[in-house]
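Peer 1: Next up is a structure, given as structure tokens.
All of the numbers you see were taken from the coordinates with simple rules; none came from a lab. Everything quoted here is computed from the prediction, not taken from an experiment. Please note: Cβ atoms are built from the backbone with ideal geometry, for glycine as well, and neighbour counts cover all protein chains shown.
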């Protein structure tokens, strides 16, 4: 172990950082990141000390005699939920223990996981549209409301994806998506059918709810990672606020008197 | 009685579709989509059954989320993946969208209402909806996290691994 080349130490450290930052930006909880990175490091025969924050990850690599080998900080790329990566890395960490993977194999697997495709865009749009139609059904909407909710969601999510592609601020993307979706849902007032606009409107923005940040926030708080929990919670609150602002704008446009 | 059960099943079915929709948005592995459908179904059915027996919506949501959390542990073991991949998309159909929406409308109105009695009415409407939304959300998150905390390990795989 002593005659480990310098590049090897750097490689091991960088690989661990890469795995950790991928987990963080894909929406894993802090405890899970800590456990997974520890597991990989132990399987390779090292100990690590970690500092995990929302936007940066710091690691110190220690060998078994307690000698300091390597320290580095890595910035975490903007968050975008991707459970395929979380699932893949957790699965890999067990394979590393069981099958004694080498560093090259780990790097290869990380690259493979990073390049895994998302679902086709049209499928995502339709599936999320049906998800909101499902919400609408469950708060008592009929067929018309469900269809309106579906269409509004479809276009709202499309708008969000387009603005995300153009690298707008994520909260502005949410605001614009909420505005578009609620605007379209509100337009159903002009259709001469018996439609409860309220219900379509309420469910047309639900695809934006920050479910992952809020649930991870509570999980982190319960686990004792209070700082990360608070940060994630506030992130979720800002997203909710952006949704509310979108609804508010629609409300002003249509002069809603729904109470 | 038959009507109630049919209504419950249709709610469960649509909740499952909602769960799968969000699962696709979160880019879960393909093999987990069917278990997520079932988990979302179970969660909502448990929740509405509880509400049928006159348990409050906050407690009912908490119980539903706990059921999802428990089944997610088993699903995680069977279909290989961390429990959160299964549980987060599955509890999202239980998120209190209508309450949160009413709260938002209430806030919008509060900023413009002048008449005192009307203000009090809108304020009570807003706060009751807002508090419900907040507590349901906390109940959902706690319910999902609870089974994992009770298992005292970060994954079911760890427990199996220690046995061998």
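Peer 1: At a 10 Å Cβ-Cβ cut-off, how would you order B:26, A:158, B:107, fewest neighbours first?
Peer 2: Details: B:26 24, A:158 18, B:107 15.
So the ranking, lowest neighbour count to highest, is B:107, A:158, B:26.
Peer 1: With a 10 Å cut-off between alpha carbons and a GNM built on chain A, which of A:118, A:54, A:35 moves the most?
Peer 2: A:118
Peer 1: Sticking with this structure for a sec: Please give the average number of partner chain Cβ atoms lying within 10 Å of the Cβ of each residue in B:82-94, rounded to a whole number.
Peer 2: Partner-chain Cβ atoms within 10 Å, mean over residues of B:82-94: 5.
Peer 1: Does segment A:4-113 come out rounded, prolate or oblate by the C-alpha gyration tensor, with a ≥ b ≥ c the root eigenvalues, rounded set by a/c under 1.5 and, if not, prolate when a/b is larger than b/c and oblate if not? Numbers along the way, then the final one.
Peer 2: Values: a/c = 1.73, a/b = 1.27, b/c = 1.37.
Oblate, since a/c reaches 1.5 and b/c is not below a/b.
Peer 1: Here is a further query. Can you tell which of A:90, A:187, A:136 shows the greatest fluctuation in a Gaussian network model of chain A with Cα springs below 10 Å?
Peer 2: In this elastic network of chain A, the residue with the biggest mean-square fluctuation among A:90, A:187, A:136 is A:187.
Peer 1: Okay, moving on. Do the sum for chain B: with -39,500 (n - 2.57) for every DSSP H run of n ≥ 4, divided by all residues, what is the mean residue ellipticity at 222 nm, to the nearest 500 deg cm²/dmol?
Peer 2: After summing the helix terms and dividing by residue count, I get -28000 deg cm²/dmol.
Peer 1: Right, next: Let me have the 222 nm mean residue ellipticity of chain A computed from DSSP H runs of 4+ only, each contributing -39500 (n - 2.57), with the sum over all residues rounded to the nearest 500.
Peer 2: -23000 deg cm²/dmol
Peer 1: Relative to the longest principal axis of the C-alpha atoms of chain B, give the angle of the C-alpha long axis of helix B:2-25, reported between 0 and 90° and rounded to the nearest 10°.
Peer 2: 70
Peer 1: Computed over the Cα atoms, what is the radius of gyration of the protein assembly as shown divided by 2.2 N^0.38 Å, N being its residue count?
Peer 2: Relative to the 2.2 N^0.38 Å estimate, the protein assembly as shown comes out at 1.04.
Peer 1: How well do other chains shield peptide B:133-140, expressed as the mean number of their Cβ atoms within 10 Å of each residue Cβ?
Peer 2: What the average comes to for B:133-140 is 2.
Peer 1: With an 8 Å Cα cut-off and a minimum separation of 6 or more residues, compute the relative contact order for segment A:121-254 in percent.
Peer 2: RCO, segment A:121-254: 27 percent.
Peer 1: Just order B:56-69, A:227-240 by mean Cβ neighbour count inside 10 Å, highest at the front, would you? Could you put the intermediate results ahead of the total?
Peer 2: Working: B:56-69: 22.9, A:227-240: 18.4.
Descending packing order for the listed peptides: B:56-69, A:227-240.
Peer 1: Let me ask something else about it. With springs only between Cα atoms under 10 Å apart, run a GNM on chain A and tell me which of A:145, A:67, A:162 wobbles the most.
Peer 2: A:67
Peer 1: Express the relative contact order of chain B as a whole percentage, based on alpha carbon pairs under 8 Å and six or more residues apart in sequence.
Peer 2: 26
Peer 1: Roughly what angle does helix B:97-110 make with the longest principal axis of chain B, taking Cα atoms, 0 to 90 degrees, to the nearest 10?
Peer 2: Rounded to the nearest ten degrees, it is 30.
Peer 1: Order of A:137, B:52 from fewest to most other C-beta atoms within 10 Å? Walk me through the numbers on the way to the answer.
Peer 2: Values: A:137 23, B:52 12.
Lowest count first: B:52, A:137.
Peer 1: Can you grab the distance from the C-alpha centre of segment A:1-63 to the C-alpha centre of segment A:131-203, Å, no decimals?
Peer 2: Spelled out, the Cα-based centre of one part sits 42 Å from the other.
Peer 1: Roughly what angle does helix A:30-44 make with the longest principal axis of chain A, taking Cα atoms, 0 to 90 degrees, to the nearest 10?
Peer 2: 30
Peer 1: Normalised by the number of residues in chain A, what is the relative contact order in percent for Cα pairs under 8 Å and 6+ residues apart?
Peer 2: That works out to 16 percent.
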